[in-house]
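Below is one structure, written out as structure tokens; the observations come after it.
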Amino acid sequence: MNVSWQVIILPVVVFIASLIAFYYLRKLGFERLDRWAKRAKWPADKIIVTVTRRASISWSVIIGVYLGLAVSSLQPLWKSPISRGLWTLLLASLVVTALQIVGGLIIFFGRRRRLSEYAMRLGRILATGIITIIAVLIAVDIWGMPASPLTLAYKWLLTNWMSVVTPVAVFIIVLTILLALRALGYQRLNRWLKRSRWQPSKMLVQAIKEPSTLWCLIFSAAIALMVSALPALWKTVIAKGLLSLFLISLALTLLHIIDGLVLFYGQKQQLSEQVAKLIRNAASVLTFIVLGLVLLDTWGAPTTSLFLLIVVVVLAAALALRDAVPNFFAGFQLNTGKEIKVGDYIKLETGEEGHVIEVTWNHTRIKALDESTIVIPNARLIRNTFTNYGHQVKKAKEPFRFTSRVHLPELTGLKATNLRELTDVLKGAPDSVVYYHTHHFLEQSHYLTPEPSNDFAVWVSEALGDNVFGERLASIDTISFSTLGALRERLVGLMEEYLTANPDNRRVMPGQEFYFLKSTSAIIPTPYVVHDLRQFIEALRKISLGALYYHIFESRLRLGRGLNDFSIWLKDSLGEAELADAIARIDPYTYTMEGLRTALIQLTEKHIR
Amino acid sequence: MLASALSGKVIQNINSTFSGGGVAEILSRMVPLSGQLGVDIRWNVIKGDEPFFQVTKKFHNALHGRTETITPEDFITFQTTTKRNISELELNGDIIFVHDPQPAGLVIKKKEIGKKWIWRCHIDISRPNQEVWQFLEPLVNQYDAAVFSAPSFSRKLPIRQFLISPSIDPLSDKNKELDRQTIDSVMSKYKIPTDKPVITQVSRFDYLKDPVGVIQAFKMVRRSIDCRLVFAGGTAADDPESDKVLAEVKETAGNDPNIHILLIPPGSDIEINALQRASTIIVQKSLGEGFGLTVSEALWKGKPVVASAVGGIPLQVKNKFTGLLSYGIEGTAYDLRQLLTNPDYARWLGENGREHVRHNFLITRHLRDYLLLFLALDHPEEVIHL
């Protein structure tokens, strides 16, 4: 019975008593803690209280069991491992608790400080690592393991803690300062962001924000390394490693920034996806090449030969692609310059014309009017002059065939020496005489300056010396007459009116008589046949003044069509009533012939646009 | 298109000389040019002796309105030579294009051979000697059409009369661009210094060109402006008067070192060209002109021109726009002074003049008119559709 009491009951009583005692102590302690938590303004205490509340139960049990074991009469052979096991359990529980607390605090303060997930995860990993290492070292010590690298390390640590603590402290201090400076810097940056109108600024700041934490760590580690007692070789290797890490991070950050800028400015400049991708790829390739060379140089690898190799490869590629390279750069220019785009109608000075169906890096494909596909190397397209008409215009029901005319003045043998004779002859003269004397100046001298509208006005002013009446005759608005008969009536009417009021009827000097002429015209077809407004414009640039004259003047009055040929075609065959009316409204008698050509072209071009 | 419409037709030009004068000059260019267009165009000259050309010269002056003593023998000489030419000359053209009065009588052959006949009058017959005109008129009326250089040359004729101005060939030796070296060498050859403004008249030694009047006008200008006069002339094979005129001109000029009388041999086109280009002002103070090709030549070179308002000159010189027109010696002198003292205005006139010639008096326009003329013979209507 005494043996049972010492072996079983005493340890159990001690266990139960310790449990009861720890229960009440725990209860009292957590009541105090709860009251403190309520008063305290530090919100993180809830994390600590919650975690330790759960863990403290296991601690109570473990300690209770340990005390019971201590008073038991178990053999030391049994006591020792059991107690070590209990310490290990306690250690494990403490580690778990510590990890939970540290993890919780990192998350809490990380979110509060708006640290990235990456940073918080890094912190938790670091904390886990440190705590685990310490726990393992303590566990090894508890179990009295034979000398292992860890034990040796642990023992070395105990004897050389200053050479560890110093760099760690420096690391922590520098990191803290850098993180504080970083936080301050970002506060300032955020204020600047609010004021800044440069849109990519936010992207830029965000791009730097994430890796800056890593840079702070790298820099802090570098400083700590400098003050550490590590051997020089180790220091060099670790420094190079840190530099490499920094360079890689810097390169990735740079690419991230380039991506953002290309995206922003690409949208702004309406760059095609192809061009943006090309720029990004080019930047990536270049960055990685430079990074590679710098890293190799950092680690002491020979870079000169590699650099030369790269140059040789680039030159060889340029030589092999010497025909494609100009096309490539021309394609880039076409894409960025937006000179042409798919759907546009273009015409080269060498004659090829059609709709653009594709613009690649090497060539541009156009579809001609006869449905054939023409492939034009981009370099050639850039080198030559081409006209971009934009999108296709509609086709006419009937084409317009440009016609020209040449004329030969014919003497009628009739002449006048005074205004009465002029009037009498004019009354009976054929329409062709009226036409000649009101239109021949257009072709003979209209290139220099618009001249008076008819020979009668000139003769009255210069030969008869009557500038006032000459001006009246010159002011006749020829365009307002749709027939030559009507024009003649107006002229004769004015003359009769004048003669009634001024019966002077003086004669001109010999040699200044008015000779009545008419003209014989030959109407000649031209090779210009047009089907739409673009072709119409091109033909207008090329046709002779004779053709222009024919379609504007001769057809309207002399051939009695009442309207110029262009307006008739535009309205009837092309349905372009607005442009037809605009051209009909032009008073061609007030232009030089070239000026008239320009006016017609400009009107039509404006209409197409 | 015009040339192809004349395919198969032979056009035969007939005048009095292959060289000297404006007609020969035009035909020497026009014939090969027409040939290049595929038109079968030929050129023949009539034969004549000294008496015949004396008579035709008198007819020329008389038709221009100058007083000439015309005798019945003159008409007989003309008819005799004409008949001889009719018998000797092969008239094989579908269209026979007769130039000026000398060959005008050939139309007598029309009754026999038919064909289309055109009389090309290069001279001003607005105030003709009635005796001579009455002799020529029946001949002219037999033609299918007549061509005059200016409206004022027309008469009331029962035949169609067309207006075709003569022209210059811008690529010929007389009109093409010359380099400075060539110009200077010609001036040097004729010992004409360029230290002063140079006034030049280029024309035959003919009374109708009024060379004496030019010298008189020049002397009036020299009273106030220091300048030089160059009178560059030549003779024509069918003009027996030219030597006499040259002598009178030299006498009028006297020993004035600022007056240069140059006898330019036929064919010296480069030299004529250089003289015109070296000049400050070109004068054409004619008393009578057919057309006055030298005016267009001067205008084509961008030179300011002072010319008489006679013949076809007003067609080329639009007064105060493409040049200045004068009516007498005093007027000519006044215009010369005006241009010499206002070089910018002179330059403006010259530029306008060149443009005016480019549009109206180049050989291309002339050829086109001739081709249309040939077509019009078979198309009496006013509008011909090709």
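Here, each number is a calculation from the coordinates, and none is a lab measurement. Bear in mind that the values here come from a model prediction, so they are computed numbers and not experimental data. No Cβ is skipped: glycine too gets one built from the backbone with ideal geometry, and neighbour counts run over all protein chains shown.
Could you list A:Thr500, B:Thr200, A:Thr128, B:Thr252 in order of exposure, starting from the residue whose Cβ has the fewest other Cβ atoms within 10 Å?
Least to most surrounded, the residues fall as A:Thr500, A:Thr128, B:Thr252, B:Thr200.
May I have the extent of the alpha carbons of the protein assembly as shown along their three principal axes, as whole Å values ordered from largest to smallest?
193, 63, 56 Å, listed from the longest principal axis down.
With 10 angstrom as the radius, rank B:Asp226, A:Asp532 by how many other C-beta atoms surround their C-beta, starting from the fewest.
B:Asp226, A:Asp532
Which whole number gives the average, over all residues in A:409-416, of C-beta atoms from other chains lying within 10 Å of the residue C-beta? Before the final figure, lay out each step's value.
Working: counts 8, 9, 15, 5, 8, 2, 4, 0.
Averaged over the peptide's residues, the number is 6.
Straight-line reach only, C-alpha to C-alpha below 17 angstrom: list the aspartates and glutamates that B:Lys174 could link to, leaving out same-chain residues fewer than 8 apart.
Partners found: B:Glu25, B:Asp184, B:Asp269, B:Glu271, B:Glu297.
For peptide A:507-516, compute the average count of partner chain beta-carbon atoms within 10 Å of each residue's beta-carbon.
Rounded to a whole number, the mean comes out at 3.
Quick check: the angle from helix A:431-444's long axis to the longest principal axis of chain A, C-alpha only, nearest 10 degrees?
With rounding to tens, the tilt is 50 degrees.
Taking the highest mean first, how do the peptides A:106-116, B:266-276 order by number of other beta carbon atoms within 10 angstrom per residue?
Highest to lowest by the protection proxy: B:266-276, A:106-116.
Please report how far the C-alpha centroid of region B:315-354 lies from that of region B:191-222, rounded to the nearest whole angstrom.
Centre-to-centre distance over Cα atoms comes out at 15 Å.
What is the local net charge at B:Tyr190, summed over the other residues whose Cβ is closer than 14 Å to its Cβ (Lys, Arg +1; Asp, Glu -1)? Numbers along the way, then the final one.
Numbers: positive: B:Lys189, B:Lys191, B:Arg228, B:Arg277; negative: B:Asp184, B:Glu271.
Combined, the nearby Lys, Arg, Asp and Glu give +2.
Hand me the trypsin sites (Lys or Arg not before Pro) from region A:6-100 located in a DSSP loop with no more than 13 other Cβ atoms within 10 Å, in residue order please. Don't skip to the end; give the middle numbers.
Details: sites: A:Arg26, A:Lys27, A:Arg32, A:Arg35, A:Lys38, A:Arg39, A:Lys41, A:Lys46, A:Arg53, A:Arg54, A:Lys79, A:Arg84; in loops: A:Lys41.
Taking region A:6-100 and a limit of 13 other Cβ atoms within 10 Å, the loop trypsin sites (Lys or Arg not before Pro) found are A:Lys41.
For the pair B:Lys47/B:Lys196, report the inter-label distance in nm, with labels modelled 7 Å from Cα in the Cβ direction.
Between B:Lys47 and B:Lys196, the simple spin-label model gives 5.1 nm.
Just report the Cα centroid separation between region B:20-73 and region A:481-507, whole Å.
43
So which lysines pass the test for A:Lys394, namely a Cα distance under 28 Å, with those fewer than 8 places away in the same chain ruled out?
Excluding near neighbours in sequence, the set is A:Lys338, A:Lys341, A:Lys347, A:Lys367, A:Lys542, A:Lys571, A:Lys606.
Residue by residue through region B:243-260, which ³J(HN,Hα) values in whole Hz follow from phi under the Karplus form 6.51 cos²θ - 1.76 cosθ + 1.60 (θ = phi - 60°), with glycine and proline marked x?
5, 5, 5, 4, 4, 5, 5, 5, 5, 5, 5, x, 9, 4, x, 8, 10, 10
Measuring from centroid to centroid over Cα atoms, what is the spacing of region A:251-317 and region A:213-243 in Å?
28
Which aspartates and glutamates, if any, have their Cα less than 16 Å from the Cα of B:Lys111, not counting same-chain residues under 8 positions apart?
Once the sequence-local aspartates and glutamates are set aside, what remains near B:Lys111 is B:Glu90, B:Asp94, B:Asp144.
Please list 3J(HN,Hα) in residue order for region A:193-203, calculated via the Karplus relation 6.51 cos²θ - 1.76 cosθ + 1.60 where θ = phi - 60°; whole Hz, with x for glycine and proline.
4, 5, 8, 5, 9, 7, 4, x, 4, 5, 4
Roughly what % antiparallel, to the nearest 5, for the DSSP beta bridges in the protein assembly as shown?
Working: 30 of 75 bridges.
Bridges in the protein assembly as shown that DSSP calls antiparallel: roughly 40 percent.
Which peptide among B:363-373, B:325-335 comes first, and what is the full order, when sorted by highest mean count of other Cβ atoms within 10 Å?
By packing density, highest mean first, the sequence is B:363-373, B:325-335.
For region A:513-525, just list the computed ³J(HN,Hα) in residue order, Karplus coefficients 6.51, -1.76 and 1.60, θ = phi - 60°, integers in Hz, with x standing in for Gly and Pro.
5, 8, 9, 7, 10, 9, 9, 9, 10, 10, 8, 10, x
Report, in deg cm²/dmol and to the nearest 500, the calculated mean residue ellipticity at 222 nm for the protein assembly as shown, where each DSSP H run with n ≥ 4 adds -39500 (n - 2.57) and the sum is divided by the residue count.
So the helix-based figure for the protein assembly as shown works out to -18500 deg cm²/dmol.
Can you give the mean number of other chain Cβ atoms that lie within 10 Å of the Cβ atoms in peptide B:370-382?
Working: counts 1, 3, 8, 3, 0, 4, 5, 0, 0, 2, 1, 2, 11.
Counting Cβ atoms of other protein chains within 10 Å of each residue's Cβ and averaging gives 3.
Please list, ordered by chain and number, the residues whose modelled amide H lies under 5 Å from the amide H of A:Leu414; skip anything fewer than 5 residues away on the same chain.
For A:Leu414, the qualifying residues are A:Phe516.
Given springs between every Cα pair under 10 Å in a Gaussian network model of chain B, which of B:Glu131, B:Glu112, B:Glu88 has the largest fluctuation?
With Cα springs under 10 Å in chain B, the top fluctuation among B:Glu131, B:Glu112, B:Glu88 is at B:Glu112.
Among the listed pairs A:Lys202/A:Lys268; B:Lys57/B:Lys250; B:Lys57/B:Lys320, which are separated by more than 25 Å between their Cα atoms?
Numbers: A:Lys202/A:Lys268 16 Å; B:Lys57/B:Lys250 23 Å; B:Lys57/B:Lys320 34 Å.
The answer is B:Lys57/B:Lys320.
Test of understanding: given chain A, find the longest segment containing no GluC sites (Glu not before Pro) that are in a DSSP loop and have at most 14 other Cβ atoms within 10 Å. Intermediate results must be reported in sequence, preceding the final value.
Working: sites that count: A:Glu349, A:Glu371.
It runs A:1-348.
Under 5 Å between amide hydrogens, which residues at least 5 positions from B:Lys174 or on another chain qualify, with H placed 1.01 Å from N in the peptide plane?
Counting only residues 5 or more places away or on other chains, the set is empty.
Can you list, bin by bin at 5 Å, the percent of alpha carbon pairs in region B:190-298, starting at 0?
Distribution as computed: 2, 12, 25, 27, 22, 10, 2, 0, 0 percent.
Which residues' amide hydrogens lie under 5 Å from the amide hydrogen of B:Arg160, considering only partners 5 or more residues apart or on another chain, with H built in the peptide plane?
Residues meeting the amide H criterion: B:Ala146.
Sort A:Ile173, A:Ile366, A:Ile131 so the one with the fewest other Cβ atoms within 10 Å of its own Cβ comes first.
Fewest to most other Cβ atoms nearby, the residues stand as A:Ile173, A:Ile131, A:Ile366.
Computed FRET efficiency, Cβ-Cβ of B:Thr341 and A:Leu321, R0 51 Å: what is it to the nearest 0.05?
According to the calculation, E is roughly 0.15.
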